[in-house]
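What follows is a single structure, written as structure tokens, with notes after it.
The values are calculated or read from the model by the stated rules, or taken from the named source; none is laboratory data. All values reported here derive from a predicted model rather than from experimental measurement. Neighbour counts are summed over all protein chains in view; Cβ atoms, including those assigned to glycine, are modelled from backbone coordinates with ideal geometry. Ligands, DNA and RNA are excluded from the accessible area calculation, which covers all protein heavy atoms including side chains. Shrake-Rupley method; radii C 1.70, N 1.55, O 1.52, S 1.80 Å.
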Amino acid sequence: VPEDQADKLLLASWGLPRAVLEKYHSLGVVQMFEWQAECLMLGQVLEGKNLVYSAPTSAGKTLVAELLILKRVLETRKKALLILPFISVAKEKKFYLQ
């Protein structure tokens, strides 16, 4: 992330509603890693273009997907489908995203 865009590491700089930010903050998520912000700033990802990225387990891939989904749903007022690999992960995400 270029120095002039260092604020992009903060979740608060992505235009998310206060309730969403408060929920992430309550979970200890206030900012993201540089690679996560870079994913969100690539090409036209925020306008709905595709993104393929890879990272090790527990690196933070889900946060990138959640932020992309949340921004698109809130901005376009359309529905989104989130497919998760395990029932336990699906239950966890349902709890957090409610």
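I'm checking my understanding of the structure. Among residues of the stretch 26-54 that are more than 21 Å from ALA6 (Cβ to Cβ) and of a type in the set (A, V, I, L, M, F, W, C), which one is least open to solvent (accessible area, probe 1.4 Å)?
LEU51
Would you point out the residue of the stretch 1-25, among those that are in a helix (DSSP H, G or I) and among the aliphatic types (A, V, I, L, M), that is least open to solvent (accessible area, probe 1.4 Å)?
As a first pass, look at the stretch 1-25 and keep what is in a helix (DSSP H, G or I): 3-9, 11-14, 18-25.
Checking which are among the aliphatic types (A, V, I, L, M) leaves us with 6, 9, 11-12, 19-21.
Values: ALA6: 52, LEU9: 33, LEU11: 0, ALA12: 65, ALA19: 73, VAL20: 32, LEU21: 25 Å².
By that ranking, first place goes to LEU11.
Does any residue of the stretch 64-79 turn out to be touching a helix residue (DSSP H, G or I) at 6+ places or on another chain (Cβ under 6 Å) and open to solvent by less than 40 Å² (accessible area, probe 1.4 Å)?
Let us first name the residues in the stretch 64-79 that are touching a helix residue (DSSP H, G or I) at 6+ places or on another chain (Cβ under 6 Å), namely 64.
Subsequent filtering for residues that are open to solvent by less than 40 Å² (accessible area, probe 1.4 Å) retains 64.
Among the residues of the stretch 64-79, at least one is touching a helix residue (DSSP H, G or I) at 6+ places or on another chain (Cβ under 6 Å) and open to solvent by less than 40 Å² (accessible area, probe 1.4 Å), which makes the answer yes.
Quick one: how many residues across the stretch 3-46 are touching a Lys or Arg at 6+ places or on another chain (Cβ under 9 Å), free of Cβ contacts under 8 Å to residues at least 12 places away in the same chain and not hydrophobic (A, V, I, L, M, F, W, C)?
Counting residues in the stretch 3-46 that are touching a Lys or Arg at 6+ places or on another chain (Cβ under 9 Å), free of Cβ contacts under 8 Å to residues at least 12 places away in the same chain and not hydrophobic (A, V, I, L, M, F, W, C) gives 1.
Name the pairs whose Cβ atoms lie under 9 Å apart, with the first residue in the stretch 70-81 and under 18 Å from TYR24 (Cβ atoms), the second surrounded by 13 or more Cβ atoms within 10 Å (Cβ to Cβ) and of a type in the set (Lys, Arg), and 6 or more positions between them or separate chains?
These pairs meet every condition: ALA80/ARG72.
Return only the number of the condition from (1) open to solvent by 70 Å² or more (accessible area, probe 1.4 Å); (2) modelled with pLDDT of 90 or more that PHE86 does not satisfy.
For PHE86, the exception is condition (2).
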